[in-house]
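These notes concern the structure reproduced below.
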Amino acid sequence: MPSRSDYRFDQGQDRQFHAIATALPDGTLKDSKYKHIQRLFRTFPLDFSTVARFIVSQLPEGQYLLTLDRTNWKFGQTHINILCLAIVQQGMAIPVLSILLDKTGNSNTDERIPLINRFIELFGVEKIDGYLAEENSSVRNLFAISLKMK
């Protein structure tokens, strides 16, 4: 079992934990609430499949229009490159599944297919109404290939 010193929370998590601690009802010191929140996240790892199921459960029933998008942030000298599969609802892309890419720049087919397949495993191919992608995009072909594979 890891020791307490093995757990490291980044500055973003630290700010979020403090915000949660501040929002919790009074009766306990803010520092105590903060430590409880830290212990909770150490004890119960976040299951992203459960998060995806929860997000989809909040959407209207039916089939979904999917899209893939990549975003790149820089935190100090660290590049954070995320590929996200989202459901399009009312002109807005709602992130459902994502992967962290270990590189800068665009994603490739080998990185995209598992994300689409993960959606199909969780929700079924019958939940996919279609996809949004740039014209002549390899992503359009990727959705078609992935759907045929299932």
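Quick note: the coordinates plus some simple rules give every number you see, no bench work behind them. Note that this is a predicted model, so its numbers are computed, not measured. Heads up, the Cβs are rebuilt from the backbone with ideal geometry, glycines too, and the neighbour counts pull from every protein chain shown.
Annotations for the structure displayed:
- Lys/Arg +1, Asp/Glu -1 at C-beta; the range 40-135 dipole; positive extreme among 95, 128, 68: 95
- Under Karplus coefficients 6.51, -1.76 and 1.60, residue-wise ³J(HN,Hα) of the range 56-70 in Hz, glycine/proline x: 5, 5, 8, 8, x, 4, x, 8, 10, 8, 9, 8, 10, 8, 10
- Cα-centred dipole magnitude for the range 35-86, charges only on beta-carbon of K, R (+1) and D, E (-1), debye, nearest 20: 380 debye
- Cβ crowding within 10 Å averaged over residues, with 39-45, 28-34, 113-119 ranked highest first: 113-119, 28-34, 39-45
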